[in-house]
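Quick notes on the structure that follows.
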Amino acid sequence: MGGSYMLSKERIEEEIEFVYQKIIGNLTTFETLVPAAVSTDYVYPAVENADWTDGFWIGMLHLAQSYRPDERIQKVITKQLAVFSNRLDKEIVLNHHDIGFLYSLSAVADYRENKTVSSREMALRAAKVLMRRYNENAGIFQAWGDVTDKEQQGRMIIDCNMNLPLLYFASNETGDPMYRKAAESHVKLAQKYLIREDFSTFHTYYMDIQTGKPRFGATAQGFSDDSCWARGQAWGIYGFPISFTHIGDTTLLDAACHLADYYLAHLPADKIAYWDLFFQSGAEERDTSASAITVCGLLELAKHLPLTDGKKQRYEAAAEEIILGLMESYTTRNYPESNGLLVQGVYSKPNGNGVNECTAWGDYFYFEALTRLHRSWSTYW
Ligand code: GLY
């Protein structure tokens with residue numbers, strides 16, 4: 001990847017306008033309902049708020065509102081927040097670790113943008129529910145399944161890096177270190193066991209919940225147990241620097257640099273990753289959502305590297321090159337009937353789910369990446 005900067009402010013603004021208008025066009029469809037996790041033929045059906053992905057729409061609304069306030073957007077944010085609050089009250093499909101994704105982009109984002117007291121309370125309640133998944137013996141948050149489920153006990157996944165910010169928020173707001181301590185324990189074990197010696201990553205890893213000892217790594221959404229699922233690597237590139245911003249452990253930045261180097265070294269010519277980094281050419285599908293997440297991660301990572309570190313400029317240039325690739329060849333501009341943003345995302349190839357579709361998270365991180373390139377942005381994470 002080169003060291004020059006390719007993107008003008010005008011070009012970024014033009015793209016943000018495309019995103020913004022798409023969001024405005026979706027306000028009526030997704031007033032209290034949300035886009036499904038993935039599109040069908042590039043069109044998201046409107047569904048009830050009950051999936052791990054349902055924070056991404058309100059996250060985009062917050063980004064849109066911070067770009068150019070519009071009372072129509074605010075009205076939908078308010079309605080969506082009520083749905084999130086109800087979901088928490090009734091604990092509708094919250095028996096998983098993605099409570100962090102859900103409530104960081106809804107409640108925390110609203111509190112950060114608007115200082116809404118009820119959103120702060122909602123975020124703190126959500127953090128308490130997430131804490132139930134922390135296993136003291138193993139020192140990690142169990143990703144999936146009920147905490148009594150023997151098959152899932154002790155299993156952490158790389159995606160969880162993005163659920164930890166809700167816990168840092170809770171400690172910062174309440175002064176109670178319990179949340180931060182658990183998040184720190186988790187991220188350090190993720191660093192130790194999810195990252196392999198060559199700086200590729202396991203998607204998931206099992207800890208022994210009796211002894212706290214490591215067991216083995218395995219994939220769920222990647223090509224094989226020993227391949228590198230592209231989006232998992234992206235969650236690492238972004239998630240480790242985010243934990244660094246909260247706990248100041250510089251080895252997390254080093255880890256993210258290694259993960260970024262591995263990712264960048266395993267891209268095809270147009271820099272848009274295949275769904276598993278095992279593939280670098282051929283007919284397999286890309287995963288544009290991994291690209292969008294990686295751009296956010298590279299930009300966050302570069303922010304914390306000193307000017308004297310050559311990697312800083314290299315990661316910024318790589319981030320621009322990737323987003324330029326997305327802008328030029330992977331948006332829905334050529335699909336006017338689409339209500340999504342990025343085409344050619346992959347949810348889970350092994351399950352045949354959401355293959356070559358728009359993804360709710362890919363769209364969110366595309367907008368976040370553009371926002372980061374456009375202006376100095378106060379993170380929701
Ligand atoms: N966090 C789930 C996924 O990335 O598919």
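The values are calculated or read from the model by the stated rules, or taken from the named source; none is laboratory data. Just so it is clear, the structure is predicted and the values come from calculations on it, not from any experiment. Here Cβ is always computed from backbone atoms with ideal geometry, including for glycine, and neighbour counts include all displayed protein chains.
Things worth noting here:
- Single condition Val108 does not satisfy, out of (1) more than 16 Å from the ligand (Cβ to nearest atom); (2) in contact with a Cys (Cβ under 7 Å, 6 or more places away or on another chain): (2)
- Some residue of region 333-356 being in contact with a Gly (Cβ under 9 Å, 6 or more places away or on another chain) and in a helix (DSSP H, G or I): no
- Qualifying residue in region 303-311 (condition: within 20 Å of Ile242 (Cα to Cα) and crowded, with 24+ Cβ neighbours inside 10 Å): no
- Some residue of region 311-329 being over 30 Å from Lys181 (Cβ atoms) and assigned to a loop (DSSP other than H, G, I, E, B): no
- Those residues of region 47-86 which are touching a Phe, Trp or Tyr at 6+ places or on another chain (Cβ under 6 Å) and of a type in the set (Gly, Ala, Ser), in sequence order: Gly55, Gly59, Ala64
- Summed over region 160-203, the residues that are within 13 Å of Ala127 (Cβ to Cβ) and of a type in the set (Asp, Glu) give a count of 2.
- Residue check for Ile272: among the β-branched types (Val, Ile, Thr), more than 19 Å from Thr201 (Cα to Cα) and buried (at least 19 other Cβ atoms within 10 Å of the Cβ): no
- The one condition in (1) in contact with a Ser or Thr (Cβ under 6 Å, 6 or more places away or on another chain); (2) of a type in the set (Lys, Arg); (3) more than 15 Å from Gly100 (Cα to Cα); (4) more than 15 Å from the ligand (Cβ to nearest atom) that Arg180 fails to fulfil: (3)
- Residues of region 103-149 classified as in contact with a helix residue (DSSP H, G or I) (Cβ under 7 Å, 6 or more places away or on another chain), closer than 16 Å to Ser171 by Cβ and not basic (Lys, Arg), total: 14
- Residues in region 25-41 that are in contact with a strand residue (DSSP E or B) (Cβ under 7 Å, 6 or more places away or on another chain) and part of a loop (DSSP other than H, G, I, E, B): Thr29, Phe30, Leu33, Ala36, Ala37, Ser39.
Here's the yes/no breakdown for (1) within 15 Å of the ligand (Cβ to nearest atom); (2) hydroxyl-bearing (Ser, Thr, Tyr):
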| residue | (1), (2) |
| --- | --- |
| Ala317 | no, no |
| Ile322 | no, no |
| Ser329 | no, yes |
| Asn334 | no, no |
| Lys349 | yes, no |
| Glu357 | yes, no |
| Trp361 | yes, no |
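- Single residue of region 367-381 satisfying the filter (touching a helix residue (DSSP H, G or I) at 6+ places or on another chain (Cβ under 7 Å) and more than 16 Å from Phe101 (Cβ to Cβ)) that is nearest to the ligand (Cβ to nearest atom): Ala369
A quick yes/no check of all residues on (1) without any contact (Cβ under 8 Å) to a residue 24 or more places away in the chain; (2) under 22 Å from Ser378 (Cα atoms):
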site	(1), (2)
Asp54	no, yes
Ile73	no, yes
Lys79	no, no
Asp89	yes, no
Ala107	no, yes
Lys115	yes, yes
Gln142	no, no
Gly154	no, no
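- Of all residues in region 112-119, none satisfies being within 16 Å of the ligand (Cβ to nearest atom) and either modelled with pLDDT of 95 or more or out of contact with any His (no Cβ under 7 Å at 6 or more places or on another chain) (or both).
- So Met162, is it more than 28 Å from Ser118 (Cα to Cα) and within 16 Å of the ligand (Cβ to nearest atom): no
- Candidate set from region 275-287 (those that are of a type outside the set (Asp, Glu) and closer than 16 Å to Gly236 by Cα); member that is surrounded by the fewest Cβ atoms within 10 Å (Cβ to Cβ): Leu277
- Criterion violated by Gly100 - all others in (1) within 16 Å of the ligand (Cβ to nearest atom); (2) farther than 26 Å from Ser376 by Cβ satisfied: (2)
- Residue in region 143-163 that is farthest from the chain's Cα centre (by Cα), counting only those that are part of a loop (DSSP other than H, G, I, E, B) and under 12 Å from Asp98 (Cβ atoms): Trp144
- Among (1) crowded, with 17+ Cβ neighbours inside 10 Å; (2) in contact with a Gly (Cβ under 8 Å, 6 or more places away or on another chain); (3) part of a helix (DSSP H, G or I), the one test that Tyr380 misses: (3)
- Scanning region 198-227 for residues that are farther than 21 Å from Gln152 by Cβ and either within 14 Å of the ligand (Cβ to nearest atom) or of a type in the set (Phe, Trp, Tyr) (or both) gives Phe199, Phe223.
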